[in-house]
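Below is one structure, written out as structure tokens, with a few remarks after it.
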Amino acid sequence: MESIGTSAAHSSTAFFALVKNPVKFRLFLLKNLPAAYFSGVKIKSVNQKSSMVSVPYKWFTRNPFRCTYFACLSMAAEMSTGILALGNIYKRSPKISMLVTGVEGKFYKRATGLIRFVCEEGAAIKQTIETATATGESQNIRVLSSGFNQHNELVAEFWITWSFKVKQ
């Protein structure tokens, strides 16, 4: 059993090394998530416990009210949670499917400048995936991603609900 945990930890370490490579990550976005690519979404940091993803205020991400469009904020928030999940299912056997089943957001301040979304629920996400693997049943988890501006003021919070299931 310990070798499985070590193998999973090695796979997540390998995955996080891939996404930390700016060129490989940008190519991944261009191919798989072009809206994130053109929005300038970037992974600032990621490990097994937490991640930080940023989205800039620029022409492509703005709304008519001179702040970042909520959909771009939501995209960065979702990525901060999803990258933690992807790290735990990367090259995993059996394969696990993941799907966003819910998104809730609260907005506290105008989002201008670079906004950083932080998710610190990597351990809970990993445990949910382990439970899905052990039981063979779909498991859901609701995780928080908090967005901060350059002055470290809370701009928005998003709760992303993920569903994990062993692929048949």
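Bear in mind these aren't lab numbers, they're just calculated from the coordinates by the rules spelled out. Keep in mind that this is a model prediction, so the values were computed, not measured. In this analysis, Cβ positions are derived from the backbone assuming ideal geometry, glycine residues included, and neighbour counts consider all displayed protein chains.
Values computed for the structure shown
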{"quantity": "Options F28, F60: the member that is surrounded by fewer than 18 Cβ atoms within 10 Å (Cβ to Cβ), touching a residue at least 12 places away in the same chain (Cβ under 8 Å) and farther than 15 Å from W162 by Cβ", "calculated": "F60"}
{"quantity": "Among (1) within 15 Å of the chain's Cα centre (by Cα); (2) without any contact (Cβ under 8 Å) to a residue 12 or more places away in the chain, the one test that A123 misses", "calculated": "(2)"}
{"quantity": "Count of region 131-168 residues which are within 20 Å of M79 (Cβ to Cβ), surrounded by fewer than 22 Cβ atoms within 10 Å (Cβ to Cβ) and not polar (S, T, N, Q)", "calculated": "7"}
{"quantity": "Flag for E130 being under 13 Å from the mean Cα position of the chain (by Cα), acidic (D, E) and within 26 Å of A14 (Cβ to Cβ)", "calculated": "no"}
{"quantity": "Members of region 85-143 found to be of a type in the set (G, A, S) and outside any loop (DSSP other than H, G, I, E, B), listed by number", "calculated": "A85, G87, S97, G102, G105, G122, A123, A124, A132, A134"}
{"quantity": "Lone qualifier among T61, T101, T81 - being out of contact with any Leu (no Cβ under 7 Å at 6 or more places or on another chain), of a type in the set (V, I, T) and over 19 Å from E121 (Cα atoms)", "calculated": "T61"}
